[in-house]
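Here the structure comes first, spelled out in structure tokens, and everything after it is commentary.
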Amino acid sequence: SWGLFEYSIHRWVLHRETSLDDARLPGNRTHLAHHAAPDALDRLNVQLSESLPVCAPYCLLAWAATGDWRATVFLYDGLMLGYFFYEYLDYQAHHGAARGPLVRYFRRYHLLHHHCDAEARFGVTSPLFDLLFGTYRVERKTQKAVVSSQ
């Protein structure tokens, strides 16, 4: 469930154009600040105050969908492993050496989202949902123009 979760949150919550009322969406302002200064370390990782409101409903939804606490724990473990992989790749994209071919691929993939087109490539850990939802192709835009329009 991580890939769809990551794509959905990144595309429809974190990149949502904010108004005063929407600014309280978990992670929205932090993520827009990350786009404004992608190399800043203070906005690289998700804060606990922003992740707890997401984790609790995920567990409740997983339990409601499965009716089994063990399946819920497995789904939650998968979510956390996906999240840790996301954090690793995001750090490597902005601050790492990207030594292996897989990490180099994901680094380039993610940096195209940051520096060319913030309306494409929402999947950090997989291009699957970008391919399925038509957000794989990058249009050459400057990041400053994209962020200032938000």
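The values are calculated or read from the model by the stated rules, or taken from the named source; none is laboratory data. Bear in mind that the values here come from a model prediction, so they are computed numbers and not experimental data. So basically every Cβ, Gly included, is an ideal-geometry build from the backbone, and we count neighbours across all protein chains shown. In case anyone asks, the SASA skips ligands and DNA or RNA and just uses the protein heavy atoms, side chains included. Shrake-Rupley method; radii C 1.70, N 1.55, O 1.52, S 1.80 Å.
Here is how the numbers come out for the structure above:
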item	result
Any chance LEU111 is under 16 Å from HIS10 (Cα atoms) and open to solvent by 60 Å² or more (accessible area, probe 1.4 Å)	no
Qualifying positions in the range 14-27 - in a helix (DSSP H, G or I), modelled with pLDDT under 70 and touching a helix residue (DSSP H, G or I) at 6+ places or on another chain (Cβ under 6 Å)	ALA23
Residue match in the range 50-64 (condition: hydroxyl-bearing (Ser, Thr, Tyr), in a helix (DSSP H, G or I) and open to solvent by 40 Å² or more (accessible area, probe 1.4 Å))	no
Subset of the range 34-80 [modelled with pLDDT of 75 or more, among the hydrophobic types (A, V, I, L, M, F, W, C) and under 14 Å from the mean Cα position of the chain (by Cα)]	VAL54, LEU79, MET80
Enumeration of residues in the range 116-134 that are of a type outside the set (Lys, Arg) and without any contact (Cβ under 8 Å) to a residue 40 or more places away in the chain	CYS116, ASP117, ALA120, PRO127, LEU131, LEU132, GLY134
